[in-house]
1. From the list Ser310, Ser305, Ser288, pick out the single residue that is open to solvent by 10 Å² or more (accessible area, probe 1.4 Å), in a loop (DSSP other than H, G, I, E, B), free of Cβ contacts under 8 Å to residues at least 24 places away in the same chain and not charged (D, E, K, R).
2. Within the range 38-86, track down each residue that is open to solvent by less than 20 Å² (accessible area, probe 1.4 Å) and not in a strand (DSSP E or B).
3. Considering only residues of the range 191-210 that are open to solvent by 60 Å² or more (accessible area, probe 1.4 Å) and in a loop (DSSP other than H, G, I, E, B), which is modelled with the lowest pLDDT?
4. Out of Arg125, Arg135, Arg181, Arg119, report the one residue that is within 23 Å of Tyr46 (Cα to Cα) and exposed (fewer than 13 other Cβ atoms within 10 Å of the Cβ).
5. For Val260, which of the numbered conditions (1) surrounded by fewer than 20 Cβ atoms within 10 Å (Cβ to Cβ); (2) under 28 Å from Gly168 (Cβ atoms); (3) not small (Gly, Ala, Ser) fails to hold?
6. Would a scan of the range 250-272 turn up a residue that is part of a loop (DSSP other than H, G, I, E, B) and on the phi > 0 side of the Ramachandran plot?
7. Among Ala300, Ala313, which is aliphatic (A, V, I, L, M) and over 30 Å from Gln61 (Cα atoms)?
8. Kindly list, by first and then second residue, each pair from a residue in the range 125-136 that is within 12 Å of Ser148 (Cα to Cα) to a residue that is modelled with pLDDT of 95 or more and open to solvent by 50 Å² or more (accessible area, probe 1.4 Å), limited to pairs with Cβ atoms under 9 Å and residues at least 6 apart or on different chains.
Amino acid sequence: MKLAHLPGSRLVAVAALTIATALSASAAAPLKDKAGGKDHPLLSRYAGSVLYTYGASSLAQVELVDRSKDEPVKREVEGRISNRLYWGPQGISALEVFRNYQQALQAAGFETMFSCETRQCEKLRVQKLVQDFPREAKWAESDAIVNSTFNSGNQPGFHYLSARKQAGAAITYVQVALAERNDGRASQFVQIVEPAQAALGKVTVDAKSIGAGLQRDGKIALYGVNFDTNKAVLREDSATQLQSMAEALKAAPAMKVLIVGHTDNQGEIEANLVLSQKRAQAVVEALSGKYGIPAARLSARGVASFAPVSTNATEDGRGRNRRVELVVR
């Protein structure tokens, strides 16, 4: 059946029939956890619940509900995403499950951002705000049941909670949204957002672009020169970027450059000055010893976090600040 050729009213009817068929089939099937799935270490399921499906993203942006002037608003956060969809034990209300999540998060030191129970959620139309969250989440396997968890924002027994916990500059977020199913079980959409950063250094700048940047701006920032955390030993995946740097310098044999190491603001300044200097020196030694650039053309300087190009308040910003620069002398 090709739905694209059906009139609008029949499309709605077919979609409703698809969901109803899926719900009927799931009710008849024995309940068991989705193969390969388990609870997140941070937050267990309500006892007796079944893990219907799960999913994760190493780095992504998702929305949750926050409070602004006593009104619910969507807020975008970024990090490592873990998604869970549970069905509670039959006969246990969404409210009882909700109370347990509240207690568990409070005991773990989380601060509530926004929460509401059925009547207040309905008044503030919170379910309308979150109805697409399960559809937009990444799952190991999704279906009509997942997509209709908060179908049209009108599922009964809806409850919502978002919370955060900060440790230094890192923040972990949790949101839990519940509704009551027709079979007497509480659907539980649980999403955890943990601190994460992009794995930078996967894109290198070629020799031609390096040369053009040096001629145009007198400097160029490079993110393909990689070191392990708190170490000054070049990783093997730096070879491509080092080769391009060497080619650019060979194409301009009269040019002398500074190799400048930059860090983010994490840790002590003095330690970062030493680390950034050692990293810059490691690049100088590689370019002169392995790639044939005369050492007299190269000077190493480490400036720690004194010249940021982005905010150090976020993981993404700190990733941009950790870099090696070529600067024309």
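The values are calculated or read from the model by the stated rules, or taken from the named source; none is laboratory data. Bear in mind that the values here come from a model prediction, so they are computed numbers and not experimental data. Methodologically, a virtual Cβ is constructed for each residue, glycine included, from the backbone with ideal geometry; neighbour enumeration extends over all protein chains shown. Surface areas here come from the heavy atoms of the whole protein model, side chains and all, with no ligands, DNA or RNA. Shrake-Rupley method; radii C 1.70, N 1.55, O 1.52, S 1.80 Å.
1. Numbers: Ser305 fails: free of Cβ contacts under 8 Å to residues at least 24 places away in the same chain; Ser288 fails: in a loop (DSSP other than H, G, I, E, B).
Going through Ser310, Ser305, Ser288 in turn, the sole match is Ser310.
2. Result: Ser49, single match.
3. Leu200
4. Matching residue, one of Arg125, Arg135, Arg181, Arg119: Arg119.
5. (1)
6. yes
7. Details: Ala313 fails: over 30 Å from Gln61 (Cα atoms).
Residue meeting the stated conditions: Ala300.
8. Note: pairs meeting the criteria are Val130/Glu63; Val130/Lys74; Asp132/Glu63; Phe133/Glu63; Glu136/Glu63.
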